[in-house]
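So the structure is just underneath, and the comments pick up after that.
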Amino acid sequence: TNEFPHPRTFDQPARLRNVLYEIRGPVAEQAARMEAEGHRILKLNIGNPASFGFDAPDVIVRDMIASLPFSQGYSDSRGILPARRAIFTRYETVEGFPEFDIDDVYLGNGVSELITITMQALLEVGDEVLIPAPDYPLWTAMTTLPGGVPVHYLCDEENGWNPDLADIEAKITPRTKAIVVINPNNPTGAVYSREVLQGIVDLARKHGLLILADEIYDRILYDDAEHTSIAALAPDLLCITYNGLSKTYRVAGYRAGWMVITGPKEHASGFLEGLTLLASTRLCPNVPAQHAIQVALGGYQSIEELIRPGGRLLEQRDTAWNMLNSIDGVSCVKPSGALYAFPKLDPEVHEIHDDEKLVLDLLLSEKILLVHGRGFNWPTPDHLRIVFLPWARDLQEAIERFGNFLSTYRQ
Ligand code: PLP
């Protein structure tokens, strides 16, 4: 007799039910179907520089290729030494960054993998993590997956999208273990002031919180924006800083990221042992991409050409920001860093009840793909995220069409 129901069903486990990643969600899947039918879709949904002609510096590609014959085996679980040394040297140039050891550097298949293993190693079921709203949604998803509880603190649009310290403090409970700080921010493009970062550090110190600092855009800054690494303000606190090659060096497909652990560790040995264990169970990160890290960090920093006056990214940021603000009932805080704008649709002018439906309708009508604000855990259906990686003329056309579409759109 067959003891299993036939045919056997494979349902989604309950713990996955609230794990969301809308950037590649149902609307993006609809866009892929339309592309398969032959439509040309302008994809302003993913921060993937290479797909908009932002080529990586040649030396990085050449080093990756040259390393292939010598990268056939697994590496050390933390990553190869030359890459970790290059990361070590990089942080020597970051003002005030606390001292650390080579073994405090872990490489990953992108920051994404390191976020995933950090949360798996850190959280007991029911533990809370403070995460910004809006957020880069992987943080929320990977808090939820091991049974943690994401608690979203508000970033204040009226204050350049800086985190609201009073809201953070109000949301701290005895179960709060960590606070996630994404600076420069995805999706708002905010670069946080030193004062606000100091305020977060003070709260983390008072309540014994681990600081998780996602700084993957720390070298993508516009105008006179200055980036402060939060670890530099918290040498006495346990802090993990995440970064990688995906954005600044435009090799998102190589999957090369790192994290650096700073501050006292004695009180966190269980967590850190877990982290090392999970780093070993994934064996090691992609080895050829690890070889690209040293040359990327040590070579000419070509991102600077793109962000200074006359640079392509700066021009696109300006175009996107100006065009968005020219639409009736749309306002947008000027992004000071990263690759995104997060405009607001004034509810008095545009009554949107379902922002996901709005982006789907925009896709069907205009073949333009954006991501709705609630996909970034923003609480109300009145924001969208636009990636400003396309050429200025394409952005101009897309945002013009978006404005025309909005002017007659009703829900
Ligand atoms: N963190 C932030 C804030 C991001 O925007 C992204 C990618 O968009 C990541 C992490 C993931 O980066 P990686 O390619 O290193 O996995």
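The values are calculated or read from the model by the stated rules, or taken from the named source; none is laboratory data. No experiment lies behind these values; they were computed from the predicted model shown. Don't worry about glycine lacking a Cβ; one is built from the backbone with ideal geometry, like all the others, and counts go over all protein chains shown.
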For segment 1-54, enumerate the residues that are more than 19 Å from residue 401 (Cβ to Cβ) and of a type in the set (S, T, N, Q). 1, 2, 9, 12, 18, 48, 51
So, of the residues in segment 346-364 that are buried (at least 17 other Cβ atoms within 10 Å of the Cβ) and in contact with a Gly (Cβ under 6 Å, 6 or more places away or on another chain), which turns out to be nearest to residue 324 (Cα to Cα)? 350
Hits in segment 20-48 - residues which are out of contact with any strand residue (DSSP E or B) (no Cβ under 7 Å at 6 or more places or on another chain) and within 16 Å of the ligand (Cβ to nearest atom): 20, 21, 24, 25, 48
Tell me whether segment 18-31 contains one or more residues that are under 20 Å from residue 248 (Cβ atoms) and touching a Ser or Thr at 6+ places or on another chain (Cβ under 9 Å). no
So which pairs qualify, if the first residue must be in segment 16-29 and over 13 Å from residue 372 (Cα atoms), the second must be in a loop (DSSP other than H, G, I, E, B), the Cβ gap must be under 6 Å, and the two must be at least 6 apart or on different chains? 19/145
Please work out which one of (1) of a type in the set (A, V, I, L, M, F, W, C); (2) buried (at least 17 other Cβ atoms within 10 Å of the Cβ); (3) touching an Asp or Glu at 6+ places or on another chain (Cβ under 9 Å) is the condition residue 387 fails and give its number. (3)
Of residues in segment 132-147 being assigned to a helix (DSSP H, G or I) and within 11 Å of the ligand (Cβ to nearest atom), the one nearest to residue 171 (Cα to Cα): 139
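Return the residue satisfying two criteria in turn: it lies in segment 90-110 and is part of a helix (DSSP H, G or I) and either basic (Lys, Arg) or farther than 19 Å from residue 239 by Cβ (or both), and of such residues it is nearest to the ligand (Cβ to nearest atom).
My answer is 110.
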Identify the residue in segment 252-267 that is surrounded by fewer than 24 Cβ atoms within 10 Å (Cβ to Cβ) and in a loop (DSSP other than H, G, I, E, B) and, among all such residues, is farthest from the ligand (Cβ to nearest atom). 264
Out of all the residues in segment 342-356, is one or more touching a residue at least 60 places away in the same chain (Cβ under 8 Å), in a helix (DSSP H, G or I), outside the structural domain of residue 211 (by TED's automatic domain parsing) and of a type outside the set (Phe, Trp, Tyr)? yes
Could you figure out which of (1) part of a helix (DSSP H, G or I); (2) touching a residue at least 40 places away in the same chain (Cβ under 8 Å); (3) among the basic types (Lys, Arg) isn't true of residue 393? (2)
What pairs come out if I take residues in segment 117-129 that are at positive phi and in contact (Cβ under 8 Å) with a residue 40 or more places away in the chain and pair them with residues that are β-branched (Val, Ile, Thr) and outside any loop (DSSP other than H, G, I, E, B) whose C-beta lies under 8 Å away, six or more apart or interchain? 126/149
Can you tell me which residues in segment 78-103 are at pLDDT below 95 and hydroxyl-bearing (Ser, Thr, Tyr)? 93
Please pick out the residue among 125, 59 that is of a type in the set (A, V, I, L, M, F, W, C), away from the ligand (no atom under 14 Å from the Cβ) and at pLDDT 95 or above. 125
